[in-house]
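Let me begin by presenting the structure, written as structure tokens, before commenting on it.
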Amino acid sequence: MKKSPSSGLTPEDKNRFLTQGYLHVPGAIPQSLVTELSEKIDTYASDRSDKAQNRVDIFGMDRAFLELTDLDTILPKIQGLLGDNIWINHSHINRNPTTSTKRKFGYSWHRDGGAVIEDLPSPVPLVFIKVGFYLSDLSEPNRGQTFILPGSHHSSAPPPPSPKRPAEAIPLNTRPGDAILFDFRTIHSLQSPNHSDMIRRAVFIQYGYRWIQPFSDCTFAEGSNPLSPVRRQLLGLTTTKSNLAGTAADRSGVFYPTPEDIPLHEFPPTPKRENVILRAARRAARTIRRRPF
Ligand SMILES: O=C(O)CCC(=O)C(=O)O
């Protein structure tokens, strides 16, 4: 696994993620983005606004969601855990109004990944990480929190039956703008009853190796602003062909990445590159100040 020069993942983060199977990142996104994305979720889920909704392909819905893809609070941590040969192979928004008391609630305990868990021998390695961005205030009980079984990524025991909540399950109490990185092997619930009168809104983005297929449509809406090289990689738009140094033609850059496949090698900018950019910006500012009007 190739790591970026500065991974943004502290030893404490790494230790917590590896032992617990998840990592809570408070204040991962600014409040202005929380407000904007909450409004977007309401817009795209307005046809059945009284029902729980889970809709995929969010960059195809609206480019505003792209702001979540390369956050410097999150992406360097993903790079630190998975390396740079990654892309986004799944995304969805969840909108959960007050839970009806008429139907019995099932927690739907699960690991992510479906056949990945079924097909690979145990212990299954870490091949993707899902990030949950929580936009609503879930710091009080009974607001539809995701519950998690810490450490269950190390076990091959099946998830518990749906209606029960095991004693060791803990709620992920988050504030608007917090993110949770989920090891896909960690058992978690599909939300929990929302007995408050507020709506729970969350966005989920899954980062995995580029050689893993999409879990759902991964399109993106056209717009006038070009995508940055890093976003192009994360959306699967940088794939080249390699000739393996002249030994064999036309091998996919997904498996044999060339430097053009992986702009993430340059992210986040190294301090040296940042200094060059800063110096150039300061020079430009001085020139502008000196120019006579
Ligand atoms: O909405 C949630 O609480 C969790 C979503 C989830 O389990 C999933 O996307 O796999």
Open item on the list: What do you get for trypsin sites (Lys or Arg not before Pro) in the stretch 1-77 restricted to DSSP loop and a cutoff of at most 14 other Cβ within 10 Å of the site's Cβ?
Closed with: Lys2, Lys3, Lys51
Open item on the list: Rounding to the nearest 10 and keeping the result within 0 to 90°, find how far the Cα-based axis of helix 11-20 lies from the longest principal axis of the chain.
Closed with: 30
Task: Charge dipole magnitude, Cβ of K and R +1, D and E -1 - the stretch 94-185, Cα centre, debye nearest 20 - done: 460
Task: Segments 164-170, 174-180 sorted - mean Cβ within 10 Å per residue, highest first - done: 174-180, 164-170
Open item on the list: Check which residues have an amide H placed less than 5 Å from Ile86's amide H, if you skip close sequence neighbours.
Closed with: Arg210
TODO: Name the residue farthest towards the positive end of the dipole of the chain from the options Ser224, Pro121, Ile88, assuming +1 on Cβ of Lys and Arg, -1 on Cβ of Asp and Glu, about the Cα centre.
DONE: Ser224
Open item on the list: Between helix 271-290 and the chain, what is the angle of the helix's C-alpha long axis to the longest principal axis, kept within 0 to 90° and rounded to the nearest 10?
Closed with: 60
TODO: For a quick protection proxy, order the peptides 183-191, 97-105 by their average other-Cβ count within 10 Å, most packed first.
DONE: 183-191, 97-105
- [ ] May I ask for the net charge around Glu39, where only other residues with Cβ less than 11 Å from the Cβ of Glu39 are counted and Lys, Arg are +1 while Asp, Glu are -1?
- [x] -1
- [ ] Treat every Asp and Glu Cβ in the chain as -1 and every Lys and Arg Cβ as +1, leave all other atoms uncharged, and give the resulting dipole magnitude about the Cα centre to the nearest 20 debye.
- [x] 800
TODO: Sum up the lysine pairs in the chain that clear both bars: alpha-carbon distance under 26 Å and a spacing of 8 or more or different chains.
DONE: 24
Task: 222 nm mean residue ellipticity, helices alone, for the chain (DSSP H n ≥ 4; -39,500 (n - 2.57); rounded to 500) - done: -6500 deg cm²/dmol
Open item on the list: So if each residue of separation counts as 0.36 nm, and I subtract the Cα-Cα distance between Phe255 and Ser216, what length gain in nm does that give?
Closed with: 12.0 nm
Open item on the list: Suppose we keep just the alpha-carbon trace of the stretch 11-237; what are its Rg and Dmax in angstrom?
Closed with: 16.9, 51
- [ ] Mind giving me the nanometre distance, one decimal, between the label points for Ala157 and Glu39, set 7 Å out from Cα along Cα→Cβ?
- [x] 4.7
Open item on the list: Taking the beta-carbon count within 10 Å as an exposure proxy, list Phe147, Phe128 from fewest neighbours to most.
Closed with: Phe147, Phe128
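No lab work stands behind these numbers, since they all come straight from the coordinates. Only a predicted model underlies this, so the values are computations on that prediction, with no experimental measurement involved. Quick reminder, even Gly has a Cβ in these numbers, built from the backbone with ideal geometry, and neighbours come from all protein chains shown.
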